[in-house]
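In what follows, a single structure is set out as structure tokens and then discussed.
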Amino acid sequence: MSEHAPVFHATTILAVRRNGQIAIGGDGQVSMGQTIAKATAKKVRRLGNGRLVAGFAGAAADAFTLFEKFEEKLERYGENLPKAVVELAKDWRSDRVLRRLEALLIVGDKDTLFTISGNGDVIESDDGIMAIGSGGIYALSAARALMRHTDMSAREIVEHGMQIAGEICVYTNSNITVLEPTA
């Protein structure tokens, strides 16, 4: 990975925890330069036997590698989310192959929400909202406003926040996938 964190212009991921519920959403747009290469990509998934939700911004193959490594960490540490997140970040930063992966991850359950980077960053949410990707700041802003001024559920906030980001960011579309844990 380069000395500077990559700036991804290919996605928007938004995660919200509210009232013991968590939801994560991602848009479907894949951009190659100035061209939309795909409009229906799935950038969010359930992990940890459906107990966790996760989303990625960055290169898809890199993200899938990281999802696999993260699930290995979850199994190794008895599904202890904070421990698995820290151990993934340590490996991601120090391993010769992993450190070349260019992606950001958000993972969370009903209690905790983290953003993880290849620079060794592990950031826990203070307010139950996290966003990454090119439209992340728009989705984050919308979600914070909705969280403060409505009684919407986590899922509804994600849906509306992603829709707003899609209306502002040219690298974000309105083909939104929203997931919640199944377990």
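The values are calculated or read from the model by the stated rules, or taken from the named source; none is laboratory data. Computed from a prediction, not measured in an experiment: that's the story for all the values here. Here the Cβ is made from the backbone with ideal geometry for all residues, glycine too, and neighbour counts use every protein chain on show.
Could you run through the stretch 147-163 and say how many residues are more than 25 Å from I116 (Cβ to Cβ) and either modelled with pLDDT under 95 or among the hydrophobic types (A, V, I, L, M, F, W, C) (or both)? Result for the stretch 147-163: 1. Of all residues in the stretch 18-56, those being part of a strand (DSSP E or B) and of a type outside the set (G, A, S) number 16. Here the stretch 67-121 is the region considered, the condition is being in contact with a Lys or Arg (Cβ under 6 Å, 6 or more places away or on another chain) and without any contact (Cβ under 8 Å) to a residue 24 or more places away in the chain, and the residue that is farthest from N19 (Cα to Cα) is E87. So, in the stretch 47-65, of the ones that are surrounded by fewer than 14 Cβ atoms within 10 Å (Cβ to Cβ) and not hydrophobic (A, V, I, L, M, F, W, C), which residue ends up nearest to G28 (Cα to Cα)? Going through the qualifying residues, I end up with G50.
Residues are listed down the side, and each one gets a yes or a no for (1) under 13 Å from the mean Cα position of the chain (by Cα); (2) closer than 21 Å to A41 by Cα; (3) polar (S, T, N, Q):
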position	(1), (2), (3)
K73	no, no, no
G78	no, no, no
L98	no, no, no
L104	yes, yes, no
D109	yes, no, no
